[in-house]
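A quick write-up on the structure given underneath.
The values are calculated or read from the model by the stated rules, or taken from the named source; none is laboratory data. Because the structure is a prediction, the values reported are computed rather than measured. Positions of Cβ are generated from backbone atoms using ideal geometry, with glycine treated the same way; all protein chains shown enter the neighbour counts. When the accessible area is computed, the model is the full protein with side chains, heavy atoms only, and any ligands, DNA or RNA have been set aside. Shrake-Rupley method; radii C 1.70, N 1.55, O 1.52, S 1.80 Å.
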Amino acid sequence: MPLTDIRARIAEAETAAGRPAGSARLIAVSKLQPDERVEAVLQEGQRVFGENRVQEAAGKWPRFRETYDGVELHIIGPLQTNKARQAMELAQAIHSLDRPKLANTFARLAQEIGTCPQLFIQVNTGEEPQKAGVLPGETDAFVAECRGLDLPIAGLMCIPPVDEEPSLHFALLAKIAARNGLEGLSMGMSGDFEKAIMHGATHVRVGSAIFGDRDTH
Ligand SMILES: *Cc1c(COP(=O)(O)O)cnc(C)c1O
(Lines give C-alpha, C1' and ligand atoms only; values in the text may rest on other atoms or scores of the structure.)
Protein backbone atom coordinates (compact mmCIF):
# COMPACT_ATOMS: atom_id res chain seq x y z
CA MET A 1 0.00 0.00 0.00
CA PRO A 2 1.40 3.44 -0.86
CA LEU A 3 2.89 5.40 2.02
CA THR A 4 0.37 8.21 1.44
CA ASP A 5 -2.48 5.78 2.13
CA ILE A 6 -0.91 4.64 5.40
CA ARG A 7 -0.41 8.25 6.43
CA ALA A 8 -4.04 9.03 5.56
CA ARG A 9 -5.24 6.07 7.66
CA ILE A 10 -3.12 7.26 10.59
CA ALA A 11 -4.56 10.78 10.27
CA GLU A 12 -8.12 9.40 10.18
CA ALA A 13 -7.49 7.30 13.28
CA GLU A 14 -6.05 10.32 15.09
CA THR A 15 -9.15 12.33 14.24
CA ALA A 16 -11.48 9.50 15.25
CA ALA A 17 -9.67 9.26 18.58
CA GLY A 18 -9.95 13.02 19.12
CA ARG A 19 -6.19 13.36 19.02
CA PRO A 20 -4.07 16.07 17.39
CA ALA A 21 -2.73 15.42 13.90
CA GLY A 22 0.80 14.06 14.05
CA SER A 23 0.48 12.72 17.60
CA ALA A 24 1.02 9.15 16.37
CA ARG A 25 4.38 8.83 14.65
CA LEU A 26 4.90 6.34 11.87
CA ILE A 27 7.95 4.08 12.13
CA ALA A 28 8.40 2.39 8.75
CA VAL A 29 9.76 -1.09 9.56
CA SER A 30 12.25 -1.85 6.81
CA LYS A 31 13.69 -5.14 8.11
CA LEU A 32 14.34 -7.74 5.42
CA GLN A 33 13.17 -5.40 2.66
CA PRO A 34 15.14 -4.97 -0.55
CA ASP A 35 17.10 -1.71 -0.76
CA GLU A 36 15.11 -0.40 -3.70
CA ARG A 37 11.85 -0.54 -1.73
CA VAL A 38 13.43 1.27 1.21
CA GLU A 39 14.87 3.84 -1.15
CA ALA A 40 11.45 4.44 -2.74
CA VAL A 41 9.97 5.17 0.70
CA LEU A 42 12.88 7.51 1.50
CA GLN A 43 12.16 9.33 -1.75
CA GLU A 44 8.54 9.76 -0.67
CA GLY A 45 9.88 11.69 2.32
CA GLN A 46 9.65 9.14 5.13
CA ARG A 47 12.56 9.56 7.57
CA VAL A 48 11.66 7.42 10.59
CA PHE A 49 12.55 3.75 10.17
CA GLY A 50 12.61 0.63 12.32
CA GLU A 51 14.94 -2.34 12.15
CA ASN A 52 14.91 -5.58 14.14
CA ARG A 53 18.54 -6.54 13.96
CA VAL A 54 21.52 -4.35 14.74
CA GLN A 55 23.63 -6.23 12.22
CA GLU A 56 21.21 -5.62 9.38
CA ALA A 57 20.71 -1.97 10.40
CA ALA A 58 24.47 -1.39 10.48
CA GLY A 59 24.83 -2.84 6.99
CA LYS A 60 22.19 -0.62 5.49
CA TRP A 61 21.61 2.71 7.25
CA PRO A 62 25.03 4.38 7.30
CA ARG A 63 24.90 4.13 3.51
CA PHE A 64 21.35 5.55 3.20
CA ARG A 65 22.30 8.32 5.60
CA GLU A 66 24.99 9.51 3.20
CA THR A 67 22.24 10.30 0.71
CA TYR A 68 19.26 11.21 2.90
CA ASP A 69 19.37 13.77 5.70
CA GLY A 70 17.45 13.50 8.91
CA VAL A 71 17.01 9.73 9.09
CA GLU A 72 15.83 8.59 12.52
CA LEU A 73 16.46 4.93 13.24
CA HIS A 74 14.59 2.83 15.81
CA ILE A 75 15.81 -0.59 16.91
CA ILE A 76 12.67 -2.60 17.66
CA GLY A 77 13.92 -6.20 17.95
CA PRO A 78 15.47 -8.23 20.79
CA LEU A 79 18.91 -6.96 21.71
CA GLN A 80 21.88 -8.94 23.01
CA THR A 81 24.03 -7.04 25.50
CA ASN A 82 27.09 -7.48 23.30
CA LYS A 83 25.27 -5.52 20.56
CA ALA A 84 24.15 -2.73 22.89
CA ARG A 85 26.99 -0.34 22.10
CA GLN A 86 26.54 -0.69 18.36
CA ALA A 87 22.78 -0.18 18.74
CA MET A 88 23.30 2.95 20.85
CA GLU A 89 25.70 4.44 18.33
CA LEU A 90 23.43 3.69 15.39
CA ALA A 91 19.91 4.38 16.65
CA GLN A 92 17.95 7.33 18.04
CA ALA A 93 15.57 5.01 19.89
CA ILE A 94 15.54 1.43 21.17
CA HIS A 95 12.17 -0.23 21.83
CA SER A 96 13.34 -3.51 23.32
CA LEU A 97 14.65 -2.79 26.81
CA ASP A 98 13.41 -5.95 28.47
CA ARG A 99 15.70 -6.92 31.36
CA PRO A 100 17.87 -5.53 34.17
CA LYS A 101 21.12 -6.73 32.59
CA LEU A 102 20.44 -4.69 29.46
CA ALA A 103 19.43 -1.67 31.56
CA ASN A 104 22.74 -1.86 33.43
CA THR A 105 24.66 -2.18 30.17
CA PHE A 106 22.89 0.87 28.68
CA ALA A 107 23.63 2.87 31.84
CA ARG A 108 27.33 2.01 31.78
CA LEU A 109 27.66 2.72 28.04
CA ALA A 110 25.69 5.97 28.29
CA GLN A 111 28.33 7.23 30.75
CA GLU A 112 31.10 6.18 28.40
CA ILE A 113 29.56 7.45 25.16
CA GLY A 114 27.99 10.55 26.70
CA THR A 115 24.52 10.06 25.18
CA CYS A 116 21.76 7.49 25.18
CA PRO A 117 18.96 6.86 22.68
CA GLN A 118 15.35 7.18 23.82
CA LEU A 119 14.37 3.89 25.42
CA PHE A 120 11.08 2.01 25.45
CA ILE A 121 10.56 -0.80 27.92
CA GLN A 122 9.08 -3.86 26.24
CA VAL A 123 6.21 -5.36 28.20
CA ASN A 124 5.10 -8.95 27.63
CA THR A 125 1.41 -8.09 27.99
CA GLY A 126 0.28 -11.57 26.96
CA GLU A 127 2.71 -13.21 29.42
CA GLU A 128 3.86 -15.51 26.62
CA PRO A 129 6.79 -17.71 27.66
CA GLN A 130 8.57 -17.45 24.28
CA LYS A 131 8.23 -13.66 24.07
CA ALA A 132 10.63 -11.01 25.34
CA GLY A 133 9.54 -8.29 27.72
CA VAL A 134 8.97 -7.69 31.39
CA LEU A 135 5.74 -9.03 32.85
CA PRO A 136 2.95 -6.51 33.50
CA GLY A 137 3.18 -7.12 37.25
CA GLU A 138 6.91 -6.38 37.25
CA THR A 139 6.84 -3.30 35.06
CA ASP A 140 6.40 -0.61 37.74
CA ALA A 141 9.47 -1.88 39.61
CA PHE A 142 11.50 -2.12 36.40
CA VAL A 143 10.57 1.43 35.37
CA ALA A 144 11.75 2.63 38.79
CA GLU A 145 14.97 0.64 38.45
CA CYS A 146 15.68 2.19 35.03
CA ARG A 147 14.96 5.68 36.35
CA GLY A 148 17.35 4.99 39.19
CA LEU A 149 20.00 4.34 36.56
CA ASP A 150 19.19 7.72 34.94
CA LEU A 151 18.11 6.08 31.69
CA PRO A 152 15.93 8.16 29.33
CA ILE A 153 12.73 6.09 29.42
CA ALA A 154 10.39 7.41 26.72
CA GLY A 155 7.63 4.88 27.26
CA LEU A 156 6.47 1.30 26.89
CA MET A 157 6.26 -1.08 23.95
CA CYS A 158 4.28 -4.28 23.35
CA ILE A 159 3.63 -6.94 20.73
CA PRO A 160 0.22 -8.52 21.43
CA PRO A 161 -0.20 -12.30 21.05
CA VAL A 162 -1.15 -13.14 17.45
CA ASP A 163 -4.38 -14.93 18.36
CA GLU A 164 -5.83 -12.39 20.78
CA GLU A 165 -7.74 -9.14 20.42
CA PRO A 166 -4.94 -6.55 20.36
CA SER A 167 -7.09 -3.80 21.90
CA LEU A 168 -7.00 -5.48 25.31
CA HIS A 169 -3.20 -5.44 25.21
CA PHE A 170 -3.04 -1.85 23.99
CA ALA A 171 -5.37 -0.77 26.80
CA LEU A 172 -3.27 -2.64 29.37
CA LEU A 173 -0.04 -1.06 28.11
CA ALA A 174 -1.64 2.42 28.19
CA LYS A 175 -2.79 1.85 31.76
CA ILE A 176 0.66 0.75 32.96
CA ALA A 177 2.29 3.72 31.19
CA ALA A 178 -0.17 6.21 32.70
CA ARG A 179 0.35 5.06 36.25
CA ASN A 180 4.11 5.37 35.75
CA GLY A 181 3.89 8.84 34.23
CA LEU A 182 5.18 7.67 30.85
CA GLU A 183 4.01 9.39 27.66
CA GLY A 184 5.36 7.09 24.98
CA LEU A 185 3.38 4.10 23.71
CA SER A 186 5.03 2.03 20.98
CA MET A 187 2.23 -0.25 19.80
CA GLY A 188 0.39 -1.19 16.64
CA MET A 189 1.68 -2.93 13.51
CA SER A 190 0.33 -3.41 9.96
CA GLY A 191 -2.81 -5.25 11.05
CA ASP A 192 -3.83 -3.18 14.03
CA PHE A 193 -2.25 0.29 14.03
CA GLU A 194 -5.61 2.09 13.91
CA LYS A 195 -6.76 0.28 17.05
CA ALA A 196 -3.46 1.16 18.71
CA ILE A 197 -3.98 4.84 17.88
CA MET A 198 -7.47 4.66 19.43
CA HIS A 199 -5.71 3.50 22.61
CA GLY A 200 -3.12 6.26 22.57
CA ALA A 201 -0.18 4.88 20.54
CA THR A 202 2.49 7.56 20.07
CA HIS A 203 4.60 5.32 17.80
CA VAL A 204 3.16 2.76 15.38
CA ARG A 205 5.56 0.22 13.83
CA VAL A 206 4.32 -0.59 10.34
CA GLY A 207 6.26 -2.85 7.99
CA SER A 208 4.50 -5.08 5.47
CA ALA A 209 1.55 -2.72 4.91
CA ILE A 210 4.02 -0.19 3.51
CA PHE A 211 6.70 -2.34 1.90
CA GLY A 212 4.87 -5.54 1.02
CA ASP A 213 5.84 -9.03 2.16
CA ARG A 214 9.31 -9.47 3.58
CA ASP A 215 12.05 -11.41 1.92
CA THR A 216 12.39 -14.35 4.29
CA HIS A 217 15.13 -16.39 2.72
C1 LIG B 1 8.41 -6.78 12.08
C2 LIG B 1 7.92 -5.98 13.22
C3 LIG B 1 6.96 -4.99 13.04
C4 LIG B 1 6.25 -4.73 11.72
O5 LIG B 1 5.36 -5.76 11.46
P6 LIG B 1 4.33 -5.68 10.22
O7 LIG B 1 3.29 -6.67 10.56
O8 LIG B 1 5.11 -6.02 9.01
O9 LIG B 1 3.80 -4.31 10.19
C10 LIG B 1 6.60 -4.23 14.15
N11 LIG B 1 7.18 -4.42 15.35
C12 LIG B 1 8.12 -5.36 15.55
C13 LIG B 1 8.72 -5.51 16.90
C14 LIG B 1 8.51 -6.17 14.50
O15 LIG B 1 9.43 -7.12 14.71
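Check 38, 29, 54 and return the single one that is open to solvent by less than 40 Å² (accessible area, probe 1.4 Å) and within 16 Å of residue 70 (Cα to Cα). So that I can check it myself, show each step before the final result.
Numbers: 29 fails: within 16 Å of residue 70 (Cα to Cα); 54 fails: within 16 Å of residue 70 (Cα to Cα).
Answer to the check: 38.
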With 20, 78 as the choices, which residue is within 16 Å of the ligand (Cβ to nearest atom), in contact with an Asp or Glu (Cβ under 9 Å, 6 or more places away or on another chain) and open to solvent by 40 Å² or more (accessible area, probe 1.4 Å)? 78
Kindly list, by first and then second residue, each pair from a residue in region 188-214 that is under 26 Å from residue 175 (Cβ atoms) to a residue that is open to solvent by 60 Å² or more (accessible area, probe 1.4 Å) and of a type in the set (D, E, K, R), limited to pairs with Cβ atoms under 6 Å and residues at least 6 apart or on different chains. 203/25
Odd one out for residue 48 among (1) closer than 15 Å to residue 205 by Cβ; (2) in contact (Cβ under 8 Å) with a residue 60 or more places away in the chain: (2)
Looking for something modelled with pLDDT of 95 or more, closer than 23 Å to residue 6 by Cα and out of contact with any Ser or Thr (no Cβ under 7 Å at 6 or more places or on another chain) - is there at least one such residue anywhere in region 207-217? yes
Strands (runs of 3 or more DSSP E) lying entirely in region 138-213 (those with 1 or more residues that are away from the ligand (no atom under 14 Å from the Cβ) and open to solvent by 20 Å² or more (accessible area, probe 1.4 Å)): 153-157
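The rows are residues; the columns are (1) under 22 Å from residue 83 (Cβ atoms); (2) within 16 Å of the chain's Cα centre (by Cα).
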residue: 108; (1), (2): yes, no
residue: 114; (1), (2): yes, no
residue: 128; (1), (2): no, no
residue: 141; (1), (2): no, no
residue: 146; (1), (2): yes, no
residue: 184; (1), (2): no, yes
residue: 190; (1), (2): no, yes
In the set 65, 7, which member is within 16 Å of the ligand (Cβ to nearest atom) and either open to solvent by 10 Å² or more (accessible area, probe 1.4 Å) or in contact with a Cys (Cβ under 8 Å, 6 or more places away or on another chain) (or both)? 7
Residue satisfying all of: in region 94-116; under 22 Å from residue 174 (Cα atoms) and in a loop (DSSP other than H, G, I, E, B); most open to solvent (accessible area, probe 1.4 Å) among these: 99
Among 133, 114, the single one that is on the phi > 0 side of the Ramachandran plot and within 14 Å of the ligand (Cβ to nearest atom) is 133
Consider only pairs whose beta carbons are under 7 Å apart and that are at least six residues apart or on different chains; among these, list those whose first residue lies in region 70-91 and is part of a helix (DSSP H, G or I) and whose second residue is at pLDDT 95 or above and of a type in the set (Lys, Arg). 81/101
